[in-house]
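Please read the structure below before turning to the comments.
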């Protein structure tokens, strides 16, 4: 019986993991997170712990909302995927997590830009600036060029012309093929005349 027990324990562990997977596949993400977390607590040295961690991140990822909605699930997904990258850098899960990190950052940047544009239209430039700066700081989102362009626009509206020119210069240097470089030329010329006057 002693030699049989570890095998039996492993079957129980696998069964518990399958139950978590079933909850995930049904879209019952809160239950799935609970079950994956419980699995990790019960079997901290099980070889499927990296999988459980990745699946917890996927539960948050599947709950991500459109850019005009609250992004708390996206932030949780990003943190969870970054944790997978940190804990298991040389695994298949790290590879998958890297792709998901980029998608999470993109969604968060889209949200910040969306809110930033809203504040810009309302003339709330300080609030717009804060949101757009947050978008810019999400490195690897693929939205940095738009954030730089809009930061220049907001800086101009606030009368911070030198700062606006710096954002436009960074845009031109770091994203030379961006469509926002062409759009920025008009602003650049306007700012140069203001700077010289």
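The values are calculated or read from the model by the stated rules, or taken from the named source; none is laboratory data. Because the structure is predicted, anything quoted here is derived from the model rather than measured. Because the Cβ atoms are built from the backbone with ideal geometry, glycine has one as well, and the counts that use them run over all protein chains shown.
For region 52-68, a tally of residues being farther than 18 Å from residue 141 by Cα and surrounded by fewer than 20 Cβ atoms within 10 Å (Cβ to Cβ) returns 2. Of all the listed residues (193, 170), the sole one being within 24 Å of the chain's Cα centre (by Cα) and either surrounded by fewer than 22 Cβ atoms within 10 Å (Cβ to Cβ) or at pLDDT below 95 (or both) is 170. Of the helices (runs of 4 or more DSSP H) contained entirely in region 1-87, those carrying at least 1 residues that are touching a helix residue (DSSP H, G or I) at 6+ places or on another chain (Cβ under 7 Å) and touching a residue at least 40 places away in the same chain (Cβ under 8 Å) fall at 49-62. Would you call residue 102 assigned to a helix (DSSP H, G or I), modelled with pLDDT of 95 or more and either under 22 Å from residue 35 (Cα atoms) or more than 10 Å from the chain's Cα centre (by Cα) (or both)? No. Residue 119 meets the conditions (1) without any contact (Cβ under 8 Å) to a residue 24 or more places away in the chain; (2) under 24 Å from the mean Cα position of the chain (by Cα); (3) farther than 23 Å from residue 66 by Cα in every case but one. The failed one is (3).
As a summary of the residue check, residue 126 satisfies the conditions (1) within 15 Å of the chain's Cα centre (by Cα); (2) more than 30 Å from residue 59 (Cβ to Cβ) except for the one numbered (1). Only one entry in 90, 53 is more than 28 Å from residue 126 (Cβ to Cβ) and at pLDDT below 95, namely 90. Candidates 135, 127, 164: the one that is touching a residue at least 12 places away in the same chain (Cβ under 8 Å) and closer than 22 Å to residue 65 by Cβ is 135.
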